[in-house]
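What follows is calculated from the coordinates using simple rules that are stated; it is not laboratory data. Just so it is clear, the structure is predicted and the values come from calculations on it, not from any experiment. Methodologically, a virtual Cβ is constructed for each residue, glycine included, from the backbone with ideal geometry; neighbour enumeration extends over all protein chains shown.
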Amino acid sequence: MYLSRVEIDVNNRRKTKDLTHLGAYHNWVEQSFPAEVAAGVRQRHLWRIDTLAHKQYLLVLSEEQPDRGRLERYGVPGTTMVKSYDHFLAGIQVGQIMQFRLTANPTYTVSQPGKRQGRVYPHITAAQQEQWLMARAEQSGFQLVKQQVVGAAQPTTTPAFDIVTRDWPVLHRKAGRGVRLSRVTFEGLLRVANVPEFKQTLTKGLGREKAFGMGLMTVIPEA
C-alpha cells in the first residue's frame with residue numbers, strides 16, 4: 001500500500017476553482033489512478049484533507065501508486081510525496097502507544113418498521129461524537145489511552161483524545177439537492193490491542209462516507 005500527500009494550491013483560485021464540494025475532491029483522487037479509470041475497475045481509496053501550519057494537504061491511502069502528475073492537478077508543483085506503507089504496517093505490535101489523527105463521519109442508525117435498512121442520522125454534539133469513537137475503539141483493534149483528570153475531587157481518568165475540527169462540507173449528488181455531511185477530526189493517543197483488526201482499520205477506514213474524505217486514520221508511534 002502507499003500513503004501519498006500533496007499540498008493543495010489554495011492561493012491559486014483559478015487552479016482550484018472546481019474544488020467547491022466533496023465530490024470534486026473525490027473525482028480528483030479517482031482521476032489520480034488513470035490505469036484504474038481506463039480499466040473500469042475502481043479501488044477504494046481512503047483520503048482526507050489536513051490543515052497543518054496554515055497549509056492544506058490532500059492525503060491519500062491506496063493499493064497502487066497514484067500518478068504524480070495527476071495527483072498534483074490542484075497541488076503546489078513539486079510537493080507530492082508517495083511512500084510505501086507496507087513496512088510500517090508490518091511493524092505494528094500489540095501494546096504500542098501511538099498518536100492518531102482520524103477524520104470521520106460519526107453517525108447512528110435507527111431501524112424502520114417494515115424496512116430492511118434503518119435510517120442514518122449524524123451525531124450532532126461533540127459529546128455524541130466522542131462517544132461514537134469510544135464505542136468503536138475495541139472492535140477496531142485499539143484502546144483509547146486514558147489520562148488522569150487534573151483537579152477532579154475523586155481520582156478519575158478520561159480518554160486522551162480531542163476533537164480538533166468539526167464542520168459540514170457539501171456533497172453534490174447527481175440527482176437532487178446537495179447534502180451536508182458531518183465531518184469530525186479527532187486527535188489523541190491509542191494503544192494497539194489487536195494487530196489484524198487495527199491494520200484493517202488503518203487500511204479500510206472507520207465509519208461511513210469513506211469515498212468522500214472520511215474514515216482515514218493515520219498514526220505515529222510514540223517515542
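Tabulated results
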item	result
Global size of the stretch 68-107 as Cα Rg and Dmax, reported in angstrom	15.5, 40
Bins of 5 Å, starting at 0 and running to the largest distance - Cα pair percent for the chain	1, 6, 13, 17, 18, 17, 13, 9, 4, 2, 1, 0, 0
Protection-proxy order for peptides 102-113, 159-170, each taking the mean of Cβ atoms within 10 Å per residue, highest first	102-113, 159-170
Interatomic Cα distance distribution for the stretch 94-221, bins of 10 angstrom, percent	12, 38, 32, 14, 4, 0
In the chain, lysine pairs with alpha-carbon atoms under 29 angstrom apart (chain gap of 8 or more, or interchain)	24
Contact order normalised by residue count of the chain, Cα under 8 Å, 6+ apart, percent	27 percent
Among 101, 14, 68, residue whose mean-square fluctuation peaks in a GNM of the chain (springs only between Cα atoms under 10 Å)	14
Per-bin percent of Cα-Cα distances, the stretch 1-68 [10 Å]	19, 52, 26, 3
Computed helical MRE - 222 nm, the chain, DSSP H runs ≥ 4 contributing -39500 (n - 2.57), nearest 500	-6000 deg cm²/dmol
Electrostatic dipole magnitude of the chain [Cβ: Lys, Arg +1; Asp, Glu -1; Cα centre; debye, to 20]	880 debye
